[in-house]
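K.L.:
Have a look at the structure that comes next, please.
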Amino acid sequence: MTSRITQYNRPYSFTDEQVRGPFTAMQHEHVFDIQPGGWTRMHDRFTVTAPFGVLGHLALRLAVGPYLRRLLEQRAAHIKDRAEADTPFVE
């Protein structure tokens, strides 16, 4: 899948959208909220439209959707761990 950042509002949010890939459409909004005490909460809004009509929608509900949810949760946990580490955020 290829995506492009289509909206960027530093440091509050950015959105990436699928340019080429398996979905009819995919939009992923990353939102950062400053909380009391100075910490930041990140949450994702992920919208996907499946191809292949009813069959694609069914696959999205039963298999692809839960997989994407787990993937986003694991990715967010990794970002949180790296952001809270005492080492630079470099791979």
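The values are calculated or read from the model by the stated rules, or taken from the named source; none is laboratory data. These figures come from a predicted structure and were not determined experimentally. Cβ: placed from backbone, ideal geometry, glycine included. Neighbour counts: every protein chain shown. Protein only, heavy atoms only, side chains kept; ligands, DNA and RNA dropped before computing areas. Shrake-Rupley method; radii C 1.70, N 1.55, O 1.52, S 1.80 Å.
K.L.:
Under 7 Å between Cβ atoms, at least 6 apart or on separate chains: pull out the pairs that start in segment 12-26 with a residue that is farther than 19 Å from L60 by Cα and end on any residue that is surrounded by 16 or more Cβ atoms within 10 Å (Cβ to Cβ).
P.N.:
Pairs that qualify, where the first residue is farther than 19 Å from L60 by Cα and the partner is surrounded by 16 or more Cβ atoms within 10 Å (Cβ to Cβ), are S13/E29; S13/H30; F14/H30; T15/Q27; T15/H28; T15/E29; D16/H28.
K.L.:
Please go through segment 36-89 and give me each residue that is open to solvent by less than 80 Å² (accessible area, probe 1.4 Å) and among the acidic types (D, E), ordered by number.
P.N.:
D44
K.L.:
Considering R61, R41, R10, which residue is touching a Phe, Trp or Tyr at 6+ places or on another chain (Cβ under 8 Å) and of a type in the set (K, R)?
P.N.:
Result: R41 is the single residue among R61, R41, R10 that is touching a Phe, Trp or Tyr at 6+ places or on another chain (Cβ under 8 Å) and of a type in the set (K, R).
K.L.:
Quick one: which residue in R70, R75, R61 is part of a helix (DSSP H, G or I) and more than 22 Å from S3 (Cβ to Cβ)?
P.N.:
Going through R70, R75, R61 in turn, the sole match is R61.
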